[in-house]
Amino acid sequence: MTKSLILSLFLLSIGFSACDRETIDAQSPCRATAFSVEIDSIIEAQCNQSSGAINYSVNGGTPPYEYSLNDGDIVDELILENLSAGDYRITVYDQNECSTIVSATVPDNCNLTP
């Protein structure tokens, strides 16, 4: 792993909870079921190929979860494989309609020297 990838993994391991981003009253289900998304690993894409991946885990909240990638459609399952190099934003919603967001960057190996 390159130094920049290791630094990226460290910086991206922090998830953002909806409970941290907005004011929630004491009766809100989000207060009682705060949750986060953590980036477990990132696989870099081969140069100019869609071969990268993001592995993540959801902690807390109230299942079942729904997912959105880059503010797109909400789906029941989100597998992040065959990705091109680039920036990705993962939003997870729980049963209480609370949400949490994490961003990740899939690097490529175009500039690596042998």
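The values are calculated or read from the model by the stated rules, or taken from the named source; none is laboratory data. Keep in mind it's a predicted model, so treat the numbers as computed, not measured. Using ideal geometry, Cβ is built from the backbone for each residue, glycine included, and neighbour counts are taken over all protein chains shown. The accessibility values were calculated without ligands, DNA or RNA, using every heavy atom of the protein model including side chains. Shrake-Rupley method; radii C 1.70, N 1.55, O 1.52, S 1.80 Å.
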Breaking point among (1) modelled with pLDDT of 90 or more; (2) open to solvent by 80 Å² or more (accessible area, probe 1.4 Å), for Glu38: (2)
Has region 90-111 got at least one residue that is within 18 Å of Phe35 (Cα to Cα), touching a helix residue (DSSP H, G or I) at 6+ places or on another chain (Cβ under 9 Å), of a type in the set (D, E, K, R) and surrounded by 13 or more Cβ atoms within 10 Å (Cβ to Cβ)? yes
Test set (1) on the phi < 0 side of the Ramachandran plot; (2) in a loop (DSSP other than H, G, I, E, B); (3) in contact with a strand residue (DSSP E or B) (Cβ under 8 Å, 6 or more places away or on another chain) - Arg89 fails condition number: (2)
Determine whether Glu77 is open to solvent by 20 Å² or more (accessible area, probe 1.4 Å), touching a Pro at 6+ places or on another chain (Cβ under 8 Å) and of a type outside the set (S, T, N, Q). no
